[in-house]
1. Can you tell me which of (1) loosely packed, with under 15 Cβ neighbours inside 10 Å; (2) in contact (Cβ under 8 Å) with a residue 60 or more places away in the chain is the one R61 doesn't meet?
2. I'd like to check something: does region 162-173 contain any residue that is within 15 Å of the chain's Cα centre (by Cα) and among the small types (G, A, S)?
3. Can you say whether P121 is in contact (Cβ under 8 Å) with a residue 24 or more places away in the chain, over 14 Å from the mean Cα position of the chain (by Cα) and surrounded by fewer than 23 Cβ atoms within 10 Å (Cβ to Cβ), as far as the supplied structure shows?
4. Can you tell me which of L57, L106, L111 is within 17 Å of G28 (Cα to Cα) and not polar (S, T, N, Q)?
5. Quick one: count up the residues across region 144-166 that are more than 20 Å from P96 (Cα to Cα) and in contact (Cβ under 8 Å) with a residue 12 or more places away in the chain.
6. Take the conditions hydroxyl-bearing (S, T, Y) and surrounded by fewer than 22 Cβ atoms within 10 Å (Cβ to Cβ) and apply them to S148. Does it pass?
7. For region 1-39, what are the residues that are among the basic types (K, R), buried (at least 16 other Cβ atoms within 10 Å of the Cβ) and either modelled with pLDDT of 90 or more or touching a Pro at 6+ places or on another chain (Cβ under 7 Å) (or both)?
Amino acid sequence: MVARPTAARPTLRWKGGQYRPLPNRLSGSARLSALAGPAALGEISLDLAPFRIHRVLVDGRTARYTHRAGKLRIRPARALAPSTSFTVEVRYTGNPQPVNSPWGGLGWEELTEGALVASQPVGAPSWYPCNDRPADKASYRISITTPSPYTVVAGGRRLSRTTRASSTTWVYEQPAPTSSYLVTVSLGRYTAVPLTAPAPTDGPHPPVPREAQHRTAELFKRGLQTRGRTELDLGDALGDVARRAARGSEPRSRPHPVVCPVVCPVARP
């Protein structure tokens, strides 16, 4: 049985303890808060790619689990009572990669300089545990630590950026109910180009600076010149990330950044 939201909206907090781009190594800790359905809940089923699982907790207590064929099945020590709230914490490590699907590989994509997530429609389990169904929406908070030369852009509003030694931790929050496949993150050596005018409360956004336009045009041009389709797809996704960053990653009273790639990201073969 799978936990379903009833009166309360589920939430997920994902903390990438560390992501190292060059070995493509991810250490993750996901904390899910949800509400049991109208019947007792003896098993919690989540979707997750074949990472190494280190620990699974239900309401702070160690729980038994199996992890096969992309399914993480968790059995709490006691069945959860109907309509009760509970939390699940999963700690895991591994090398994230796209999950196989009828539409090709989807989800976490390793690049020569960073990574990009494009999960529609079934790629979310490539990097975090979830109930990967479009109707099961949740609010999200994402915290990820990378080497300081890398910038992290995620869906939602950036809450903080903290640098310690050679690493920087980025925290984003998306309070609106969101399907798992729409949760995205992009990591790379980006340059933030501030807009000169504040974003209006309604109406058109101020023009994007020429530098940002030229960078995006260069990215698309290089994608069109390739024989395959991977780089063009990544260029389109990065352009979408830049537009999202321009629209809403900072409070409206401040200038909005446009994120431009310093180098053209290319997927590893």
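The values are calculated or read from the model by the stated rules, or taken from the named source; none is laboratory data. Model, not experiment: these values are computed from the prediction. Heads up, the Cβs are rebuilt from the backbone with ideal geometry, glycines too, and the neighbour counts pull from every protein chain shown.
1. Among (1) loosely packed, with under 15 Cβ neighbours inside 10 Å; (2) in contact (Cβ under 8 Å) with a residue 60 or more places away in the chain, the lone unmet condition for R61 is (2).
2. Applying the first criterion (within 15 Å of the chain's Cα centre (by Cα)) to region 162-173 yields 169-173.
Now narrow it down to the ones that are among the small types (G, A, S): none.
Looking for residues that are within 15 Å of the chain's Cα centre (by Cα) and among the small types (G, A, S), one finds none in region 162-173, hence no.
3. Working: in contact (Cβ under 8 Å) with a residue 24 or more places away in the chain: yes; over 14 Å from the mean Cα position of the chain (by Cα): no; surrounded by fewer than 23 Cβ atoms within 10 Å (Cβ to Cβ): yes.
No: the conditions fail for P121.
4. Values: L106 fails: within 17 Å of G28 (Cα to Cα); L111 fails: within 17 Å of G28 (Cα to Cα).
Answer to the selection: L57.
5. Our first condition is that a residue be more than 20 Å from P96 (Cα to Cα); within region 144-166, this holds for 148-149, 156-166.
With the extra rule that they be in contact (Cβ under 8 Å) with a residue 12 or more places away in the chain, the set shrinks to 148-149, 156-159, 163, 166.
Count: 8.
6. Numbers: hydroxyl-bearing (S, T, Y): yes; surrounded by fewer than 22 Cβ atoms within 10 Å (Cβ to Cβ): yes.
For S148, the condition - hydroxyl-bearing (S, T, Y) and surrounded by fewer than 22 Cβ atoms within 10 Å (Cβ to Cβ) - is met.
7. Going through region 1-39, the residues among the basic types (K, R) turn out to be 4, 9, 13, 15, 20, 25, 31.
When the remaining residues are screened for being buried (at least 16 other Cβ atoms within 10 Å of the Cβ), the result is 4, 13, 15, 31.
Passing the criteria: only R31.
Quick grid of which residues meet (1) modelled with pLDDT under 95; (2) touching a Phe, Trp or Tyr at 6+ places or on another chain (Cβ under 7 Å); (3) surrounded by fewer than 16 Cβ atoms within 10 Å (Cβ to Cβ):
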{"residue": "Y65", "(1), (2), (3)": "no, no, no"}
{"residue": "R68", "(1), (2), (3)": "no, no, yes"}
{"residue": "I74", "(1), (2), (3)": "no, yes, no"}
{"residue": "R78", "(1), (2), (3)": "yes, no, yes"}
